[in-house]
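Before any comments, here is the structure.
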Amino acid sequence: MADPPVPHLDAPVPYTVTELGTRAVASPGYRLVPARVGKPGSSVTIWTECPTSWCVVDHVAEPVGSAEDINHQGAPAALNLAADQTASVPTEVYLSWWPGSKDVASRPCLAVDVDYEVAVYGRTAALALVDQLTAFAENVRRLAETLPDDSPAATRASSAVTA
């Protein structure tokens, strides 16, 4: 029997090879997908586990330098706080997973990208963040509701009263 194929030796990217060495099997909730790794002109295709329900990355179309650089990312939910301003601070949240990482991102996590600075949160911290955002949103609503009506009719009416 031939030795099983060696995916890429420079990183602990999850994969499983059957004893026949010809077929790989993904863990439940994951699918095996091809990924391009290596330098341009000398890249190779390896197979890596990819979260079935949320990863939207095309690991072949977006090659990386080594297997440890493979990341999985979900579709972002974006918020742009500067709708009528010239400067904008994009804020996005998305699921992320860097299997080759040595921190929180080594497991699926929530990535929060504010003005291109990314912080990652595990489940407990992400739920605490949601609680903080909910409280913040409630305060913003409370403040916004104290503002005078800004519809054109209300503005004319208030101008007539003060004249």
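Remarks
- Within the stretch 110-130, tally of residues that are surrounded by 10 or more Cβ atoms within 10 Å (Cβ to Cβ) and either in contact with a Ser or Thr (Cβ under 6 Å, 6 or more places away or on another chain) or assigned to a helix (DSSP H, G or I) (or both): 9
- Each residue in the stretch 97-109 was checked for being more than 17 Å from ALA77 (Cβ to Cβ) and in a loop (DSSP other than H, G, I, E, B), and 7 pass.
- Selection within the stretch 65-74 - out of contact with any His (no Cβ under 6 Å at 6 or more places or on another chain), crowded, with 18+ Cβ neighbours inside 10 Å and not in a loop (DSSP other than H, G, I, E, B): GLU68, HIS72
- Filter result for GLY100 (under 28 Å from SER66 (Cα atoms) and more than 13 Å from the chain's Cα centre (by Cα)): yes
- Residues satisfying the stated conditions in the stretch 103-122, i.e. acidic (Asp, Glu) and either over 19 Å from ALA67 (Cα atoms) or within 10 Å of the chain's Cα centre (by Cα) (or both): ASP113, ASP115, GLU117
- Residues of the stretch 38-58 classified as aliphatic (A, V, I, L, M) and at pLDDT 95 or above, total: 2
- Checking the stated criteria, ALA67 turns out to be touching a residue at least 60 places away in the same chain (Cβ under 8 Å) and touching an Asp or Glu at 6+ places or on another chain (Cβ under 7 Å).
- In the stretch 90-105, residue surrounded by the most Cβ atoms within 10 Å (Cβ to Cβ) [restricted to those that are at pLDDT below 95 and not hydrophobic (A, V, I, L, M, F, W, C)]: PRO99
The values are calculated or read from the model by the stated rules, or taken from the named source; none is laboratory data. Only a predicted model underlies this, so the values are computations on that prediction, with no experimental measurement involved. Neighbour counts run over all protein chains shown; Cβ positions are idealised from the backbone, glycine included.
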